[in-house]
Each structure stands twice: as structure tokens, then as C-alpha cells.
1. Could you please find all residues in the stretch 101-121 being modelled with pLDDT of 85 or more and either in a loop (DSSP other than H, G, I, E, B) or polar (S, T, N, Q) (or both)?
2. Could you list, ordered by first residue, the pairs with Cβ atoms under 7 Å in which the first is in the stretch 282-297 and of a type in the set (S, T, N, Q) and the second is buried (at least 17 other Cβ atoms within 10 Å of the Cβ), at least 6 apart or interchain?
3. Scan the stretch 151-207 residue by residue and report those that are exposed (fewer than 15 other Cβ atoms within 10 Å of the Cβ) and of a type in the set (K, R).
4. Looking only at the stretch 72-91, which residues are in contact with a strand residue (DSSP E or B) (Cβ under 9 Å, 6 or more places away or on another chain), more than 19 Å from N210 (Cβ to Cβ) and of a type in the set (D, E, K, R)?
5. What tally of residues in the stretch 75-100 results from selecting those that are part of a helix (DSSP H, G or I) and either among the polar types (S, T, N, Q) or free of Cβ contacts under 8 Å to residues at least 24 places away in the same chain (or both)?
6. Count, please, the residues in the stretch 42-56 that happen to be outside any strand (DSSP E or B) and more than 16 Å from E95 (Cβ to Cβ).
7. Going by what's in this entry, would A51 be described as surrounded by 16 or more Cβ atoms within 10 Å (Cβ to Cβ) and in the same structural domain as L180 (by TED's automatic domain parsing)?
8. Need the failing condition index for K89 against (1) in contact with an Asp or Glu (Cβ under 8 Å, 6 or more places away or on another chain); (2) at pLDDT below 85; (3) in the same structural domain as I222 (by TED's automatic domain parsing), just the number.
Amino acid sequence: MQDIPHVPVLYREVLEVFSDIKSGVVIDCTMGYGGHSSMILEANPNIKLIAIDQDQSAIDFSTARLEPYKERVSIKKGRFSSVIKDILKEYDIREIKGVLADIGVSSLQLDQKERGFSFSSDNLDMRMDKDAFLSAATVVNEYSLGEIEKILLEYGELRNYKKIASFIINNRPFFSAKELSEATKHLMPTGKKIHPATLLMQAIRIEVNNELGELESLLDTIEETGFENAKIAIISFHSLEDRIVKDRFNKWRENCICPQEAMRCTCTRDYSQGRVLTKKPITAQEDELKQNPRSRSAKMRVFETDSRE
């Protein structure tokens, strides 16, 4: 029997978003442990669900977990931006009524210390797809000073990024996440409730997995595909990710696409793809924050697309 982990972040809020979908297909772009997928299938007995993940460990675990719903679920390996082409060969685009993406590292990956995501890990890996070429060890031990400074500034938003990057260069090689996080602890921001090396490890992880690029690709794919009467729910854990989602949703709702400096509108004012359903991002409730610390930084934004008819 499987040891089922804790419930996924914003589980009640996710169920509420998709509660009015009575038929059709929902796509879970980031399946992980299958928590969101199983809850959506349980709460919506007449829908089908496509679950996607690039991590074979997640697929192996969730295939067993979702076995009770096997007649209504299809699991695919890969990244959403490429898998969507196969999905649209199987389903009419009008059947797809919901898209969910829980961006970032999954609980499954955090729980497996050998994957190198944990501060106490003896490895320095951080690959969401274990078959990928780039690892954290490559970033830390082979990137130039300028390259490390760039990711610490852009992805970690660390003020003393130059000092941290110089320390890494002068003290490498590092062979484990534990070694790296302990060695740099004295250079990290203090006074926060998170582990001192959180922003450093986060920056490296984002670089290894091209997380912001993947999010942009996901949103590009949704935009280009043009889902009709569908709800798009994106959960992010980083201010940069949330900003990308917010800006893209705002773009999708605009009727006019003329440049801001234009003296008058020259477009057809008919470019809106739908409406933003969340003026502010949805965050976890108090009881969830106590039960699941990971939920403290989770933010969900939701967009509903219009019919094109």
C-alpha cells in the first residue's frame, strides 16, 4: 500500500476553481504526487483528466495513486509546451475546460534527499527531470563568476550577490547541497523564518530547470492554443513567477493591443481572451499554513477564457 504524503497546496481553493466543470477535460500540467489530480477526479465525477510530469518518479508514484480513476485519467511524460501537441491530437480543443499548473519543485522531489533539493542532501543535483543534462553541480562548479552573479541577482534577488558569487568561485568545488548551504550561511540574509540559504538554492534550482522559461513557454502555449470557456489556474511560489503570471493574465484580458504611446487606437479592440478571476492572488488559509509550511509562499491566479464563437 502506498504511503500517501500530505495534501497539495491550496487544495480547497483549487477544487473551488474547478467545481463548476461538469464535463470535458482538465489538464494537470505538474502532476507530482497526484494530489491535485486525485482530488479533482474525486470531486468532478464526470470529467476526464490529463496529468503531465517530466519526472519518471512522479509518474511511477501517481500511476498507482490514480489507479481508481484509470478509466478517466491519462498520464503523459514531458513538458506541457511539447505534450500539448499530442493532447490536441486526441481531444477537441473545445473539450478542455480547465488547466492547472503548480509551478516549481514538487513535494515528491523535496522529500527525496538524493535528488539534491533538500538543504541536508548529500548530492548537488536539483534536476526535476533526472535525464536532463544540466545539474546544480555544473552551475556551482563550472559557471563563470559573471554567470553566477547573474542568477543570484535575477533569480535569488540577493543584494550581496557579488560577495556570494565570489565566495563560491573561491571555495569550489562543492559536492553536496548540505556543504554549499552550510558554507554560505554566513553570507545570507538574516531575520527571516526560512532557511538562510533558501534564496541561494532557489536561484540555482531555477537556473538548472529553466523554471521561468518553462513558465513562459506554458503561458505561450496556452495563448497560442486558444482554449475556449476554460479556467486557467497557475500556482507559483516565487515573486518573479507570480509577476510573470499576473502580467500575462492582464495582457490576455485587454481588448486593445495598441502601444501605450499611440495617440489613438488603431486596432479592432477585439483582442480580449477572457477575464481575470482573481484581483489578488489566492493564498493559503491559516489551518493550511500550520499543517503545510510550503504553502506559505503559494499564490494562485485564475483566468477564464471566452468562447471564440
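1. Initial filter on the stretch 101-121 (modelled with pLDDT of 85 or more): 101-103, 121.
Those that are modelled with pLDDT of 85 or more and either in a loop (DSSP other than H, G, I, E, B) or polar (S, T, N, Q) (or both): I103, S121.
2. The qualifying pairs are T283/A298; T283/K299; N292/V9; S295/V9; S295/L10; S295/A284; S295/E288; S297/F237.
3. Those that are exposed (fewer than 15 other Cβ atoms within 10 Å of the Cβ) and of a type in the set (K, R): R159, K162, K163, K185, K192, K193.
4. Initial filter on the stretch 72-91 (in contact with a strand residue (DSSP E or B) (Cβ under 9 Å, 6 or more places away or on another chain)): 72-80, 83-84, 86-88, 90-91.
When the remaining residues are screened for being more than 19 Å from N210 (Cβ to Cβ), the result is 72-76, 86-88, 90-91.
Matches in the stretch 72-91: R72, K76, D86, E90.
5. We begin by selecting, within the stretch 75-100, every residue part of a helix (DSSP H, G or I); these are 80-90, 93-95.
Imposing the further condition that a residue be either among the polar types (S, T, N, Q) or free of Cβ contacts under 8 Å to residues at least 24 places away in the same chain (or both) reduces the set to 81-82, 85-86, 89-90.
Total meeting the criteria: 6.
6. Of the residues in the stretch 42-56, the ones outside any strand (DSSP E or B) are 42-47, 54-56.
Still in the list and also more than 16 Å from E95 (Cβ to Cβ): 42-43, 45, 54-56.
Of the residues in the stretch 42-56, 6 are outside any strand (DSSP E or B) and more than 16 Å from E95 (Cβ to Cβ).
7. Considered against the rule, which asks whether it is surrounded by 16 or more Cβ atoms within 10 Å (Cβ to Cβ) and in the same structural domain as L180 (by TED's automatic domain parsing), A51 comes out as no.
8. (1)
The values are calculated or read from the model by the stated rules, or taken from the named source; none is laboratory data. Not measured: the values here are computed from a predicted model. Backbone-built Cβ (ideal geometry, glycine too); neighbour counts: all protein chains shown.
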